[in-house]
Amino acid sequence: MQQYVVLKDCRLMIQGSEYRRIKALVSESNALFPCIKQIYCGNVFWETRLIREHLGSDLLEFVPTESISHLLPLMIKPSHQGLELEEQLERAWGVRFDKPYRIVLMNGTGTMLGDSLFGASVARALIDHLKAKGVHLEFDVALAVNAARGSELIWQRLAPPGQLRRGAQTLEQLCQYDAMIDFCQLLKLKGYATEQRFDFYLDHFGVSPARLASHLKKPRLAVRNAALVEVGERLEMLRHQGTKRLTFLQPDASTPVRSMPPGFLSALVERLLKDPSRRIVATSAMLRALNSDTSIIDFHELTKDSIDHYVALLAHMTELISVDTLALNIACGLKKPTLGFFSQSEPDILSKYWPELFPVVLPGAETLPFWHRHKADDSWPQAEPLYRSAWLELDIDQIVSQWEHRGEP
């Protein structure tokens, strides 16, 4: 998290999304230390970039952390640094019996839906776990301006926050909290690409992963009954036609590093459809481009604006095949048999507490340029041929056969 002041009265609307807004206030004086209502704290990379692009760089002035550190709430440290969450809170504020400790999550728990799914599940688990020990927590969520659409709904469903906002928070707002947890530099935090995802978030919430039982370490999903019924009605026709296996296929992620190349995807679809009792269900544009007949059932229109219908669709599936993206995270919460493909991290980030996952790692992935790097960058065009070659080294028939016969003696 960083701090900055905007020196001109302005309001910035990000095109295409009515709630992506940065509000800036006029500086009332030329004093070195601005009013706490005018100091913004947040994900500076995104918010200040947008201000620069649309309004000019002369509107910004950064505030050194040391100059306001005495005004910031307690910054919760990861448990691996020695103190548990409740110990940190009690040292700062004493033991409380009459009201909860108020904690704000800066940047939520990340900008992508999978990050919100795991983070909200951890928050819910901690609220329940510590309440049983007499420690009461209340989380507010300050999402980044670029947080994925649907992030609010995930938080509202799983761990309803006291307040849920987008964009930078003023120092005045932060002063209202007992503590804060900073996820503004999520991808740089220790363990993000290497630790089991639930354990990673527990640690950075200040709680040792060993304190929670393994069966609790999965995304919690609130599957809406109305969405389940609507999706089920649409799928009923397939079952009447003799379909025994509904296989959800998710070939692409938010970055090409974790996405299947088209050639591999075509060969995979061909192999899957050798089973006449199987129908492929999808929401991906990549599969719509391949679908020349009715062998792939497209649910994009129903799910594109509804995370509830997306979760319900996956809940109805017999099995899933997915790259490392949201579908894989939801399948983990649903405990669905899943064939998962990993190209930039170890499968342990999900499979450690998920025996239903059959993981496949791209050959030589640990030697490729984006290993343990969550997103592609400007060097992707040079790396793309290496990844395409690695995907084509996979023996599709062998992988699918082994997965289909998993658990057999």
Select from the range 210-233 the residues that are free of Cβ contacts under 8 Å to residues at least 60 places away in the same chain and within 20 Å of residue 130 (Cβ to Cβ) and list them in ascending order.
-> 210, 213
Every residue from the range 69-85 that is part of a strand (DSSP E or B) and exposed (fewer than 15 other Cβ atoms within 10 Å of the Cβ) = 75
Considering each residue of the range 222-256, count those that are closer than 16 Å to residue 343 by Cβ and in contact with a helix residue (DSSP H, G or I) (Cβ under 7 Å, 6 or more places away or on another chain), and give that number.
-> 4
Among the residues of the range 179-206, write down those that are among the small types (Gly, Ala, Ser) and not in a strand (DSSP E or B).
-> 191, 193, 206
Please work out which one of (1) at pLDDT 95 or above; (2) touching an Asp or Glu at 6+ places or on another chain (Cβ under 7 Å) is the condition residue 85 fails and give its number.
-> (2)
If you scan the range 280-297, which residues turn out to be among the polar types (S, T, N, Q) and either open to solvent by 40 Å² or more (accessible area, probe 1.4 Å) or more than 23 Å from residue 220 (Cα to Cα) (or both)?
-> 284, 291, 292, 294, 295
In the range 136-173, residue least open to solvent (accessible area, probe 1.4 Å) [restricted to those that are aliphatic (A, V, I, L, M) and over 21 Å from the mean Cα position of the chain (by Cα)] = 171
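Per-residue answers, yes or no, for (1) farther than 22 Å from residue 328 by Cβ; (2) open to solvent by 70 Å² or more (accessible area, probe 1.4 Å); (3) in contact with a Pro (Cβ under 8 Å, 6 or more places away or on another chain):
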site	(1), (2), (3)
199	no, no, yes
209	no, no, no
213	yes, no, no
224	no, yes, no
232	yes, no, no
235	no, no, no
238	yes, no, no
245	no, no, no
258	no, no, no
How many of the residues making up the range 91-124 are assigned to a helix (DSSP H, G or I) and either touching a Ser or Thr at 6+ places or on another chain (Cβ under 9 Å) or not small (Gly, Ala, Ser) (or both)?
-> 13
Restricting attention to the range 148-159, does a residue exist that is without any contact (Cβ under 8 Å) to a residue 40 or more places away in the chain, farther than 13 Å from residue 104 by Cβ and charged (D, E, K, R)?
-> yes
Identify, from the list 88, 176, the residue that is in a helix (DSSP H, G or I) and open to solvent by 10 Å² or more (accessible area, probe 1.4 Å).
-> 88
Considering only residues that are among the small types (Gly, Ala, Ser) and out of contact with any Phe, Trp or Tyr (no Cβ under 6 Å at 6 or more places or on another chain), look in the range 112-143 and name the one that is nearest to residue 93 (Cα to Cα).
-> 134
Since residue 210 meets every condition but one in (1) closer than 21 Å to residue 68 by Cβ; (2) hydrophobic (A, V, I, L, M, F, W, C); (3) not in a strand (DSSP E or B), which condition does it not meet?
-> (1)
Which pairs have Cβ atoms under 9 Å, sit 6 or more apart or on different chains, and link a residue in the range 262-273 that is free of Cβ contacts under 8 Å to residues at least 24 places away in the same chain to one that is outside any helix (DSSP H, G or I)?
-> 273/279; 273/280; 273/295; 273/296
Output the residues belonging to the range 218-236 that are among the basic types (Lys, Arg) and within 19 Å of residue 113 (Cβ to Cβ).
-> 218, 220, 224
Can you name the number of the only condition in (1) closer than 18 Å to residue 253 by Cβ; (2) modelled with pLDDT under 95 that residue 362 fails?
-> (2)
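The values are calculated or read from the model by the stated rules, or taken from the named source; none is laboratory data. The structure displayed is predicted, hence computed values, not measured ones. Reconstructed Cβ throughout: ideal geometry from the backbone, glycine too, with neighbour counts over all protein chains shown. These area figures cover heavy atoms from the full protein model, side chains too; ligands, DNA and RNA do not enter into them. Shrake-Rupley method; radii C 1.70, N 1.55, O 1.52, S 1.80 Å.
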